[in-house]
Each structure stands twice: as C-alpha cells, then as structure tokens.
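All remarks here apply to the structure that follows.
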Amino acid sequence: MIIYEDRDSRRSSKLKKQRSGRSSKLRGPSQLPRCLSTGRGYPKIREQGSAYGAFAGQQSSVTAFVFGSYRDPRLAATYQDMRQSLDWLAACPDDPRLLKEAVLGVIADLDTPGSPTGEARAHFTGDLKGTGPALLNQVRRRILAVTAMDVRRAATQWLPPEGGSVAVVTSAENAKASGMDWTIEQL
C-alpha cells in the first residue's frame with residue numbers, strides 16, 4: 001500500500017479548498033483514484049497479478065491518498081506495478097473513455113442515494129454549514145470540466161511516483177519471501 005499524506009498545512013488547506021469547490025487553481029484530484037483504478041491499477045494488479053482486489057482512494061478527513069491491494073500473492077511485483085501506475089497517471093493519455101469513466105464515477109459517488117433520514121440530515125447540516133445544493137452543483141460543474149491535462153497536473157503535483165509512504169500488512173513469511181527489505185513490526 002502506498003500512502004500519500006500531506007502534513008504541510010498550507011498544501012492541506014489548498015487541497016481541502018479544491019475539494020469543496022472553492023478554489024479554481026487546482027482541478028483533477030478527485031478523478032485520480034478513478035483513473036488509477038479503471039485505467040491501470042485494477043487491470044494490472046487484480047486481473048493480471050492475481051490479487052483478490054485493488055483500490056485507490058482519497059481520504060479527505062486526513063488529507064491522504066491510498067493506493068493498495070489485498071490478498072495479494074506478489075508483494076514486490078505489485079509494489080512495482082503501483083509505482084509504474086503512478087508514472088502512467090502523471091502521463092495520463094488523452095483517452096475520452098477513461099476520463100468519462102472517472103468523471104462519472106466521481107459524480108456517482110456524490111449522488112449516491114441515502115436513506116430518507118440520512119438525506120434529510122445531510123440537507124439540514126449542509127444548509128447550516130453552507131454546503132447545500134448550490135455548492136454541490138458547483139462542485140459537479142467543476143468535476144465535469146476536468147480534462148486529461150488537469151489529471152496529469154494533479155498527479156504530478158500530489159502523487160509523485162517516488163513519493164509516499166509504504167506499508168504492508170502480511171505475515172512475516174510473506175514479507176521475507178517478497179525479497180524486499182521491509183522493516184517488520186509485530187501487531
């Protein structure tokens with residue numbers, strides 16, 4: 001698992017502002033996980049590499065981006081696949097289908113229906129916090145306007161292929177068998 005955590009409060013603040021739709025300087029971070037999952041990561045790690053699953057996602061509450069797999073028999077090879085996927089993302093092709101899938105996935109996440117109570121609570125608290133339907137529509141418009149160049153720019157800025165922290169949860173035997181020089185901590 002590769003984890004990018006932004007500990008610089010200024011960058012963290014910029015990223016949070018972008019996610020809420022209030023900054024016009026950066027576009028594309030919300031599409032990064034979708035592009036990685038559908039364009040390169042999932043096919044390479046899951047379909048070709050035999051991992052049970054692969055995922056990429058942002059955790060806005062802690063300003064982190066996580067790229068990982070689970071039940072993965074090829075730790076070292078998957079780690080290299082992840083690094084290569086980040087290189088691929090920084091040079092993301094101008095593929096309209098890939099971008100459309102990423103954009104539709106982000107919009108679908110925004111529009112996931114909730115229970116009637118959950119919807120009412122979300123509208124109520126959204127109105128109190130100033131994140132009601134008008135802001136959500138503004139965010140939707142910004143997501144729909146994202147280009148492949150925006151994705152490349154965001155990937156280069158926020159997910160450098162050589163960056164991030166690496167963590168693996170596995171048995172000591174699997175860690176040793178991977179041939180990588182892991183620091184092993186017993187949990």
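The values are calculated or read from the model by the stated rules, or taken from the named source; none is laboratory data. Worth saying up front: this structure is predicted, and the values here are computed from it rather than measured. No Cβ is skipped: glycine too gets one built from the backbone with ideal geometry, and neighbour counts run over all protein chains shown.
Scanning segment 34-73 for residues that are surrounded by fewer than 16 Cβ atoms within 10 Å (Cβ to Cβ), more than 13 Å from the chain's Cα centre (by Cα) and not in a helix (DSSP H, G or I) gives S50, Y52, G53, Y70, R71, P73.
Scanning segment 163-173 turns up no residue that is within 25 Å of the chain's Cα centre (by Cα) and more than 25 Å from M82 (Cα to Cα).
All conditions but one from (1) among the β-branched types (V, I, T); (2) farther than 14 Å from L32 by Cβ; (3) touching a Ser or Thr at 6+ places or on another chain (Cβ under 6 Å) apply to T63; the one that does not is (2). Touching a residue at least 40 places away in the same chain (Cβ under 8 Å), part of a loop (DSSP other than H, G, I, E, B) and farther than 22 Å from W158 by Cα, is that true of T112? Taking the combined requirement at face value, the residue does not satisfy it. For segment 13-33, the count of residues that are in contact with a Ser or Thr (Cβ under 6 Å, 6 or more places away or on another chain), modelled with pLDDT of 65 or more, surrounded by 15 or more Cβ atoms within 10 Å (Cβ to Cβ) and assigned to a helix (DSSP H, G or I) is zero. Of all residues in segment 61-88, those being in contact with a Leu (Cβ under 8 Å, 6 or more places away or on another chain) and not aromatic (F, W, Y) number 3. Against the conditions (1) surrounded by 13 or more Cβ atoms within 10 Å (Cβ to Cβ); (2) not in a helix (DSSP H, G or I), D181 satisfies every one except (1).
For segment 126-143, enumerate the residues that are within 18 Å of V103 (Cβ to Cβ) and of a type in the set (S, T, N, Q).
N137, Q138
The set of residues in segment 61-89 that are more than 15 Å from A167 (Cβ to Cβ) and out of contact with any Lys or Arg (no Cβ under 6 Å at 6 or more places or on another chain) comprises S61, T63, R71, P73, R74, A77, Q80, Q84, L86, D87, L89. Going through (1) of a type outside the set (D, E, K, R); (2) under 20 Å from Q59 (Cα atoms); (3) modelled with pLDDT of 90 or more one by one, A108 falls short only on (3).
Among the residues that make up segment 164-183, is at least one of them hydroxyl-bearing (S, T, Y) and either closer than 16 Å to R34 by Cα or in contact with a helix residue (DSSP H, G or I) (Cβ under 6 Å, 6 or more places away or on another chain) (or both)? Yes, the conditions are met somewhere in segment 164-183.
Per-residue answers, yes or no, for (1) closer than 21 Å to Q58 by Cα; (2) in a helix (DSSP H, G or I); (3) of a type outside the set (S, T, Y):
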position: H123; (1), (2), (3): no, yes, yes
position: M149; (1), (2), (3): yes, yes, yes
position: A155; (1), (2), (3): yes, yes, yes
position: P161; (1), (2), (3): yes, no, yes
position: A175; (1), (2), (3): no, yes, yes
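Do we have Q80 as in a helix (DSSP H, G or I) and under 26 Å from A148 (Cβ atoms) here? Criteria met by Q80. Restricting the search to segment 125-147, which residues are part of a loop (DSSP other than H, G, I, E, B) and within 30 Å of M82 (Cα to Cα)? The answer is A145, V146, T147.
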